[in-house]
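Down below is the structure, laid out as structure tokens.
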Amino acid sequence: MNPQAEKLNQLIREINPSVFDLLSYRGRNIFFPTKGLVKQGLDAKGKKINASIGMAMEDDGSPLRLKAIDNKLNLPPEETFPYASSYGKNELRDIWKEIIREKNPTLGKHPISRPVVTNALTHGLSICGYLFVNEGDKIIMPDLFWGNYKLLFENAYGGQLEHFPLFSGQNFNTEGLKERLNSPGMKKIVLLNFPNNPTGYTPTEIEVQEITTIINDAAENGKKIVLLTDDAYFGLVYEPGIYRESIFSPMANLHKNVLAVKVDGATKEDYAWGFRVGFITFSNKLMNDEMARCLEDKAAGAVRGNVSNCPHLSQSLLLTAYNSPDYKEDKERKVKLLKSRYEKVKEVVLGKYINSEYFDIVPNNSGYFMCLKLKGIDAEEVRQVLLNKYDTGIMAIGDLIRVAYSSLATDLIELLFENIQNACHDVKKGNY
Ligand SMILES: Cc1ncc(COP(=O)(O)O)c(C=O)c1O
């Protein structure tokens, strides 16, 4: 093992051996190289003659660049063309950390790491796989989940998704989580994604208290738990009584055996899908600056060995947004727009389809989506009929139809559900 990795491991072990125990083999081996090329590049920064790094410069020392690109950008070339650090732009990391605290007030002053920038959330989750998942490790999560988790954790790292039913009746299935968590084995990896894709469900405040107790009890019983939160749709909560913070908040300071890992970013909550900027942030009961730095080094090392670093242009654009006095107000307007679509969906489905003979409405209160659970009708067949006969696209996931009302003008919502109802009728009658 590289001595730099060994050093990080030793520090982590000294502060909290449970955190070390949660690292995968890859996670134990990774480090951010502070010697070698990166170090030499940093040493040369600011020197009159810098012939060290693999970039090209104009004669005036600014980044060498093509006019066709430069003409489109009104940010300084130094903020867009050069490589960003593998950790991400420091100003962006710091402002995002502040934003996390602001949006999750119950974190209080409890230490959290400085967020490391990832190539959006998919990559942040992949870094979690890298750091924590060994071949054969199970990743506990609800049975309704973002399908890409399979490629992310199973194909890439040899993990195995282990599901529990998301719902018990109309509520979050806390017992299902408890059962999975208390199954044999001391290391547990749990992934929770709220607002959930595909259902658009976020647990209530009471359910989150129950989840927190379950995790704490398991940790008390000696389980070592890495609790990953996929906060892709953070902030889009439309009903009272629904938990508004990330589940990272109650986990951060819960128990020394619980390592909380927050994966979040601009993609969905700042409507910047193609920018590819996300973050990974750690916390633990015994978190201090040193442990934070060790985990940041490991995450940044994994980023470096994976995609080297993340888009500088996108990071700079987002930094501009987060520093803009209009940011919060503008964002609030967009949340209101999505909420108004949610309300329209609610009005339509509760008004007309609550007793549909073709589908049940899956509990939802947040996010981009809602689902209909078909009653003995094939969802893929319904999808085909919707495409071919009704000029309508939805997602078919098992026996669910997922409706992304986030992407639909409000005045089309009524027609969408009418089309779904009609397509279900057609499929049931074999009439298409
Ligand atoms: C639950 C969830 N997590 C993560 C992602 C991926 O986000 P990103 O585009 O930032 O990689 C998605 C995208 O659909 C998602 O639904």
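Tabulated results
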read-out	value
³J(HN,Hα) computed for each position of region 108-115 - Karplus, 6.51 cos²θ - 1.76 cosθ + 1.60, integer Hz, glycine/proline x	x, 9, 4, x, 10, 6, 7, x
Residues K373 and R293, FRET efficiency given R0 of 60 Å [Cβ-Cβ distance, rounded to 0.05]	0.80
Estimated FRET transfer efficiency (Y271, R13; beta-carbon r; R0 51 Å; 0.05)	0.75
Reach of K428 by Cα under 20 Å, taken over aspartates and glutamates that are not fewer than 8 positions away in the same chain	E357, D360, D378, E380, E381, D391, D399, E418
Cα gyration tensor shape of region 156-205, rounded if a/c is under 1.5, else prolate or oblate by comparing a/b with b/c	oblate
Selection of GluC sites (Glu not before Pro), region 1-58, meeting DSSP coil and at most 11 other Cβ within 10 Å	E58
Region 1-62: trypsin sites (Lys or Arg not before Pro) falling in loop per DSSP and having at most 12 other Cβ within 10 Å	K35, K45, K47, K48
Relative contact order of region 327-429, pairs being alpha-carbon contacts under 8 Å that are 6 or more residues apart, as %	30
Residues in region 286-316 that a label on K97 would reach, taking backbone N under 13 Å of a point 7 Å out along Cα→Cβ	288-297
Label-point separation in nm, Y327 to N134, each point 7 Å along Cα→Cβ	4.1
Ascending count of other beta-carbon atoms within 10 Å, so fewest first, for L338, L64	L64, L338
Value of relative contact order over the chain, rounded to a whole percent, pairs C-alpha under 8 Å and six or more apart	18
Region 354-421 versus region 135-179: alpha-carbon centroid distance in Å	24
In range of the label at D143: residues from region 382-408 whose backbone nitrogen is under 16 Å from the point 7 Å along Cα→Cβ	397-401
Over the chain: helical MRE at 222 nm, DSSP H runs n ≥ 4 each giving -39500 (n - 2.57), nearest 500	-12000 deg cm²/dmol
Extension gain from K150 to A409, taking 0.36 nm per residue of separation minus the Cα-Cα distance	90.1 nm
Cα gyration tensor, region 31-70 - rounded (a/c under 1.5), prolate or oblate	oblate
Rounded to 10°, Cα long-axis angle of helix 90-103 versus longest principal axis of the chain	40
The chain - Rg and Dmax from Cα coordinates, angstrom	23.4, 78
Angle between the chain longest axis and helix 289-304 axis [Cα atoms, degrees, rounded to 10]	80
Distant-in-sequence amide H partners of N196 (H built 1.01 Å from N, under 5 Å)	Y201, T202
Folded to 0 to 90 degrees: helix 205-220 orientation relative to the chain principal axis, Cα	50
Two-site FRET efficiency, K256 against Y432, from Cβ-Cβ distance with R₀ of 51 Å, rounded to 0.05	0.30
Estimated inter-spin distance, A56 and S183, nm [label 7 Å along Cα→Cβ]	5.5
Under 18 Å from the Cα of K47 - aspartates and glutamates, other chains or at least 8 residues apart	E58, D59, D60, E78
Segment E175-R65, extension gain: residue separation times 0.36 nm, minus the distance between their alpha carbons	33.8 nm
Residue of P111, P250, P184 that the Gaussian network model of the chain assigns the largest fluctuation, springs spanning Cα pairs under 10 Å	P184
DSSP beta bridge pairing in the chain, given as percent antiparallel to the nearest 5	55
Under the Karplus curve 6.51 cos²θ - 1.76 cosθ + 1.60, θ = phi - 60°, whole-Hz ³J(HN,Hα) for region 123-130, x wherever Gly or Pro sits	5, x, 5, 5, 5, 4, x, 4
Relative exposure of Y358, Y201, judged by other C-beta atoms within 10 Å (fewest first)	Y358, Y201
Selected from N355, N173, N309 as most flexible by GNM, with the chain as the system and alpha-carbon contacts under 10 Å	N355
Top of D411, D217, D21 by mean-square fluctuation, Gaussian network on the chain, Cα under 10 Å	D411
Fully extended contour minus Cα-Cα distance, from L286 to D217, at 0.36 nm per residue	23.1 nm
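Read the figures in this text as sums done on the coordinates, not as results from a lab. On a predicted model such as this, the values are computed, not experimentally measured, just so you know. Neighbour counts are summed over all protein chains in view; Cβ atoms, including those assigned to glycine, are modelled from backbone coordinates with ideal geometry.
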